[in-house]
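Have a look at this one before I ask anything.
Readers should treat all values here as calculations from the given coordinates under stated rules, not as data from a laboratory. Keep in mind that what you see is a predicted model, and the values were worked out from it rather than measured. All Cβ positions, glycine included, derive from the backbone under ideal geometry; neighbour counts span all protein chains shown.
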């Protein structure tokens with residue numbers, strides 16, 4: 001048999017300070033770090049996200065500037081501030097909503113991203129989405145898993161190149177945080193649950209990369225509908241919506 005050439009390695013861009021910031025903020029607002037709780041060190045955060053320490057440092061500085069964390073010198077590190085002491089975001093006005101409300105909104109909105117993503121996303125966009133899913137697979141904690149999952153869907157929204165849709169998705173995520181999503185740990189508590197969620201996201205990404213709009217919409221809708229049923233029960237409206245999402 002002839003010698004097989006090794007497959008070329010695909011370089012994946014390291015997360016930007018904005019991406020690290022978005023993931024950290026989502027975790028803080030979801031209650032993954034208790035008020036007054038200590039965040040991981042810059043070195044550990046850099047390793048978790050696959051980012052440079054400079055990117056992590058800038059993300060932490062932004063969080064501190066918004067009053068979400070307190071940065072301390074030495075080994076004290078950064079600590080989360082109580083949310084009632086943190087100033088509201090000036091660019092998002094999310095109402096109070098239950099986890100069911102949030103998932104219903106996501107099911108109504110996110111599959112609509114598909115056509116724009118397919119039309120406008122570059123291979124760099126897909127590589128960033130893939131990097132998020134790789135971090136999901138490697139996540140050692142539920143917090144890291146949720147942060148990487150949030151980053152994946154945020155990258156999908158950004159790939160639409162539509163600032164209004166990106167803002168709308170950020171408002172939904174803001175509402176998700178206020179809904180106490182961190183309390184719904186049963187959604188991804190078990191390794192098999194996390195593996196199933198990652199597999200569904202990989203399937204959606206594969207359809208997006210393959211420019212198959214119908215399959216991508218159905219895959220994304222089925223994933224969100226399954227989560228909705230787990231939160232709201234077997235009779236959630238998402239079941240019927242997902243069944244028809246791929247129809248022309």
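What's the FRET efficiency of residue 71 with residue 14 using the Cβ-Cβ distance as r and R₀ = 35 Å, to the nearest 0.05? Walk me through the intermediate numbers first.
Working: r = 22 Å, r/R0 = 0.64.
That gives a FRET efficiency of 0.95.
Okay, next question. Ranking request for peptides 161-168, 226-233: highest mean number of other beta-carbon atoms within 10 Å first, then the rest in descending order. Spell out each step's value before the answer.
Values: 161-168: 13.5, 226-233: 17.8.
In descending order of packing, they fall as 226-233, 161-168.
Then there is this: Kindly identify segment 104-184 as rounded, prolate or oblate by the Cα gyration tensor criterion: order the square roots of the eigenvalues as a ≥ b ≥ c, call it rounded if a/c is under 1.5, otherwise compare a/b with b/c, prolate if a/b is larger, else oblate. Numbers along the way, then the final one.
On the way: a/c = 2.48, a/b = 1.18, b/c = 2.11.
Oblate.
Going by how many other Cβ atoms sit within 10 Å of their own, how do 45, 208 line up, fewest first? Present the calculation step by step, with values, prior to reporting the outcome.
Working: 45 22, 208 25.
With the sparsest Cβ surroundings first, the list reads 45, 208.
Further question: Between residue 196 and residue 38, what length comes free when the chain is fully extended (0.36 nm per residue of separation minus the Cα-Cα distance, one decimal in nm)? Walk me through the intermediate numbers first.
On the way: separation 158, 0.36 × 158 = 56.88 nm, distance 3.04 nm.
Contour length minus the Cα-Cα distance gives 53.8 nm.
Here's something else I'd like to know. Taking the Cα centroid of segment 186-217 and of segment 133-150, what is the distance between the two, rounded to the nearest whole Å?
13
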